[in-house]
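The values are calculated or read from the model by the stated rules, or taken from the named source; none is laboratory data. Keep in mind it's a predicted model, so treat the numbers as computed, not measured. FYI the Cβ positions are ideal-geometry reconstructions off the backbone, even for glycines, and counts take in every protein chain you see. Surface accessibility is based on the protein's heavy atoms, side chains included, excluding ligands, DNA and RNA. Shrake-Rupley method; radii C 1.70, N 1.55, O 1.52, S 1.80 Å.
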Amino acid sequence: MAAILGGGIGGLSTGYYLLKNNLCNNNHLKLLLLEATNSCGGWIKSIKTKDYIFEQGPRTIRPKGLVGLNTLNMIQDLGLSEHVHAIKFDHPAAKNRMIYANNSLHLLPSSLKGIFQKNGLFSRPLIYAIFNDLRNPYKQLKDDSIYNFVERRFGKEIADYAISPMICGICAGDAKEISVKFLMKIPFEWEQTHGGVMKGLMRSMFKTKNDNNLELSELAKRAQEEKWNVYTIKGGLDNFPASLLQHLRENNVEVQLNSNVEEIKFVDSSTVKLKKKTGEEIIANHVYASIPSHILADLVVKQHPELSQNLKDIPFVTVGLVNFYFDSEKPLISPAFGFLVPPIENSPILGVVFDSCCIPDQKGTVLTVMLGGRWFKEKFGENVTEKELFDIALHEVATILNIQEQPKAHNVKILNKCIPQYIIGHYEKVEQIRQYIHDHNLPISLVGSSYDGVGINDVIYSAKTQVQCCI
């Protein structure tokens, strides 16, 4: 039997790929999924009414690259194709992304033409950043912060007003701490190999691209042909994990909710005991742990304190989310995806998503304000209340977007330790953790955002990869 710890998108995807493996290889491996709470889906949660949808976590998925196309294959297989709502390249939510700096909203360039034009956010056209890369020397490094890398190659303004807020939007982190490999692994390799990003780019244009051998579904092909920018699922993104859960149950995967495991005991290379808080013990041949690394650390600490410490060394941040619904006939915002705020602005918010522009079937104006992240404790202290976060978010919305109306509905959520931070040395740390597991012949695989990428696509592909590794 294989046991899956965690019913978030990582655990559900692990079950999906284990079922596929059973089918392809005519296996009859029994599958058990254990979720500590009373529902599956992890951080993907949607509040739905007839007038609006409040997303409590991710709201859109990118269709790009191998991992993005892989997710689209899964979505079609689950029968969700007709429920997909795509935002194409020419949609305002794809073209209009803003930065709030110096008390103004600034539209980021969205075309090649834009890099030759002066933007209020930058002192010179962005084309000068390319010249900066061509003339600047490079440093021989194993890793670096994404901020240092961008400042070195393209200048301080790009680091402060483009990359830093982007990192806030992706992982609520500090670009001065996050590894360059998190978002710019290939450009960093170009710098280290060829002395600069543009030099590496030019050389890469003459290399043959590797075929990833991924057979594309009709949905994935359509996303490429129609040039989707991002997409979501109609009726709320949590319909995606809900469909995964239904698929698992229909295929005889046992799902136990409110099943809190307090200890993992490794017996040998093919036997592991899971001790639940109720005292019950479950024996499995292999465990797929999709729970956050800091939670897994507590489960293995008795037998493997070194492994536990390495798992705990992966930091996480807390994010406050405030959803607003304004019941207005006319939109209170201009069509756009939203805006991000650079850390240099010292704002309490990370950014605002214009959900009524991104998510279908919304009435009025719907916004989501993101607060804190890497600076949550610094900005709000240990005991901030939901009411305080609501007041802060509403004040910022009124100030920046000039919305003076009171929201008809709102929701506040504090997502404690929700996003892992891939700080400098993260990938070496993960390699060290997996090497320890290999060296000690532990029947456990690590899945999810703690290790292989924080996005939905990354987590799903992590599950696929780890299942394939154990075949």
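Out of contact with any strand residue (DSSP E or B) (no Cβ under 8 Å at 6 or more places or on another chain), open to solvent by 10 Å² or more (accessible area, probe 1.4 Å) and not in a helix (DSSP H, G or I), is that true of Asn21? Lay out the reasoning, then the answer.
Numbers: out of contact with any strand residue (DSSP E or B) (no Cβ under 8 Å at 6 or more places or on another chain): yes; open to solvent by 10 Å² or more (accessible area, probe 1.4 Å): yes; not in a helix (DSSP H, G or I): no.
So Asn21 does not fit the description; no.
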Within the range 44-65, residues surrounded by fewer than 18 Cβ atoms within 10 Å (Cβ to Cβ) and within 22 Å of Gly11 (Cβ to Cβ) come out as Arg62
In the range 445-471, anything of a type outside the set (Ser, Thr, Tyr), over 17 Å from the mean Cα position of the chain (by Cα) and surrounded by fewer than 21 Cβ atoms within 10 Å (Cβ to Cβ) is listed as Gln468, Cys469, Cys470, Ile471
The one condition Leu245 fails out of (1) outside any strand (DSSP E or B); (2) without any contact (Cβ under 8 Å) to a residue 24 or more places away in the chain; (3) not small (Gly, Ala, Ser) is (2)
Considering only residues that are over 25 Å from the mean Cα position of the chain (by Cα), open to solvent by 50 Å² or more (accessible area, probe 1.4 Å) and of a type in the set (A, V, I, L, M, F, W, C), which ones fall in the range 106-124? Leu112, Phe116
If I go through the range 361-400 residue by residue, how many of them are open to solvent by 50 Å² or more (accessible area, probe 1.4 Å), modelled with pLDDT under 95 and within 28 Å of Gly235 (Cα to Cα)? 2
Kindly provide the set of residues from the range 70-100 that are more than 20 Å from Ile44 (Cα to Cα) and of a type outside the set (D, E, K, R), ordered by number. Phe89, His91, Pro92, Ala93, Ala94, Asn96, Met98, Ile99, Tyr100
How many residues does the range 24-43 contain that are assigned to a loop (DSSP other than H, G, I, E, B), open to solvent by 10 Å² or more (accessible area, probe 1.4 Å) and more than 17 Å from Lys276 (Cα to Cα)? 10
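Looking at the range 211-219, is at least one residue exposed (fewer than 15 other Cβ atoms within 10 Å of the Cβ), modelled with pLDDT of 95 or more and either in contact with a helix residue (DSSP H, G or I) (Cβ under 9 Å, 6 or more places away or on another chain) or of a type in the set (Phe, Trp, Tyr) (or both)?
Taking every residue of the range 211-219 in turn, at least one turns out to be exposed (fewer than 15 other Cβ atoms within 10 Å of the Cβ), modelled with pLDDT of 95 or more and either in contact with a helix residue (DSSP H, G or I) (Cβ under 9 Å, 6 or more places away or on another chain) or of a type in the set (Phe, Trp, Tyr) (or both).
Can you tell me how many residues in the range 421-471 are of a type in the set (D, E, K, R) and under 19 Å from Ile264 (Cα atoms)?
Total meeting the criteria: 2.
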Just one of (1) within 26 Å of Pro292 (Cα to Cα); (2) open to solvent by less than 20 Å² (accessible area, probe 1.4 Å) trips up Ala93, so point out which. (1)
What number of residues within the range 277-287 are surrounded by fewer than 17 Cβ atoms within 10 Å (Cβ to Cβ), touching a strand residue (DSSP E or B) at 6+ places or on another chain (Cβ under 6 Å) and either on the phi > 0 side of the Ramachandran plot or touching a residue at least 24 places away in the same chain (Cβ under 8 Å) (or both)? 1
Check off (1) crowded, with 22+ Cβ neighbours inside 10 Å; (2) closer than 21 Å to Ala172 by Cβ for Pro348 and give me the number that stays unchecked. (1)
Gly6 - would you say it is open to solvent by 20 Å² or more (accessible area, probe 1.4 Å) and on the phi > 0 side of the Ramachandran plot? no
Only one of (1) under 26 Å from Gly57 (Cβ atoms); (2) among the polar types (S, T, N, Q); (3) without any contact (Cβ under 8 Å) to a residue 40 or more places away in the chain is not met by Thr193, so which one is it? (1)
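Could you count how many residues in the range 288-335 are in a helix (DSSP H, G or I) and open to solvent by less than 30 Å² (accessible area, probe 1.4 Å)?
9
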Those helices (runs of 4 or more DSSP H) completely within the range 136-202 that have 2 or more residues that are at pLDDT 95 or above, in contact with a Gly (Cβ under 7 Å, 6 or more places away or on another chain) and open to solvent by less than 30 Å² (accessible area, probe 1.4 Å) are 164-171
